[in-house]
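Novice: One structure follows; several queries about it will come next.
The values are calculated or read from the model by the stated rules, or taken from the named source; none is laboratory data. Since this is a predicted model, take the numbers as computed values, not measurements. FYI the Cβ positions are ideal-geometry reconstructions off the backbone, even for glycines, and counts take in every protein chain you see. In case anyone asks, the SASA skips ligands and DNA or RNA and just uses the protein heavy atoms, side chains included. Shrake-Rupley method; radii C 1.70, N 1.55, O 1.52, S 1.80 Å.
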Amino acid sequence: MFQDKYVFAQLVSFFNRSKFNRIISKYNGDKYVKHFTCWNQLLALMFGQLSNRESLRDLINALDAHYSKCYHLGMGKNVSRSSLARANQDRDYHIFEEFAYYLVNQAREKRISEIFKLEGNVYAFDSTTIDLCLSVFWWAKFRMKKGGIKVHTLYDVETQIPTFFHITTASEHDSKAMKEIPYEPESYYVFDRAYNNFKMLYKIHQIEAFFVIRAKKNLQYKSVKWKRRLPKNILSDVTIELTGFYPKQYYTKYLRLVKYWDEEQKREYIFLTNAVQISALQVAELYRNRW
């Protein structure tokens, strides 16, 4: 099944079966089910993901080739394409979503580390576009003859584990997904230029969380206060007031603007943040670790 069949068995042993059963009961996932249960479905899909199967047919062919091992690994006596397709279509996706977030929290607890020595967690938020066949996924129209979706991911920088996912059509602007993020007070959120949504940034400030975002080149602002003694590679560290028509209405407080010179890439970066308690170099370091 794998080069070492025990790899999958060890992975399955990591799963909390009793927790998964409670989630199944919550959503009545196995109601009237006699053979192919939610647990069997989960393991079959996990196998397909970990073995890089390209389609449902490819997955079933791989399972058929190892028919004698499926039962012992918890996938049931028989996994047919029709039963798996029917389960994927009819069962409540919340069963697997809730269990996935439970596993994410378990993994984060085992990888706790303190890279930045800050009180809160450090998250990076970004999106990736996945191309889809427009004739099949007609609802995901992106361009004239192209379909696609965006997967927006909140990534825990210190544990290096994704903690939250949000899926939209590829045509939706990145900044609209910011309202879906489960924000935590005292945590830090790092964004790229596409997320210059000052209404949402102000909400982050209101819940006493912090953000670091790369500023757009056409940002309109007025300098209020300057820091004089600056460390190496920090070109300026300024308290500013937004002057653009909409930004100044959405974000009414002062912001901190940091200009940083990256010697490796030979270019200047401009960051906006509401975190005044950290150094300018820490601001730049938070964004650098976003990648």
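Novice: With (1) at pLDDT below 90; (2) open to solvent by 30 Å² or more (accessible area, probe 1.4 Å); (3) among the acidic types (D, E); (4) under 30 Å from I130 (Cβ atoms) as the list, and E184 as the residue in question, which single condition is left unmet?
Specialist: Among (1) at pLDDT below 90; (2) open to solvent by 30 Å² or more (accessible area, probe 1.4 Å); (3) among the acidic types (D, E); (4) under 30 Å from I130 (Cβ atoms), the lone unmet condition for E184 is (1).
Novice: Between residues in region 169-194 that are at negative phi and residues that are of a type in the set (S, T, Y) and open to solvent by 60 Å² or more (accessible area, probe 1.4 Å), which pairs lie under 6 Å by C-beta distance while being six or more apart or on different chains?
Specialist: Taking only residues 6 or more apart or on different chains, the pairs are A170/T129.
Novice: Mind counting the residues in region 216-250 that are more than 23 Å from L281 (Cβ to Cβ) and either in contact (Cβ under 8 Å) with a residue 60 or more places away in the chain or among the aromatic types (F, W, Y) (or both)?
Specialist: 3
Novice: Restricting the search to region 66-80, which residues are in a helix (DSSP H, G or I) and surrounded by 15 or more Cβ atoms within 10 Å (Cβ to Cβ)?
Specialist: Selection gives C70 alone.
Novice: Scan region 64-92 and report the pairs whose first residue is on the phi > 0 side of the Ramachandran plot and free of Cβ contacts under 8 Å to residues at least 12 places away in the same chain and whose second residue is of a type outside the set (D, E) and surrounded by 12 or more Cβ atoms within 10 Å (Cβ to Cβ), with Cβ atoms within less than 7 Å and a gap of 6+ or a chain change.
Specialist: none
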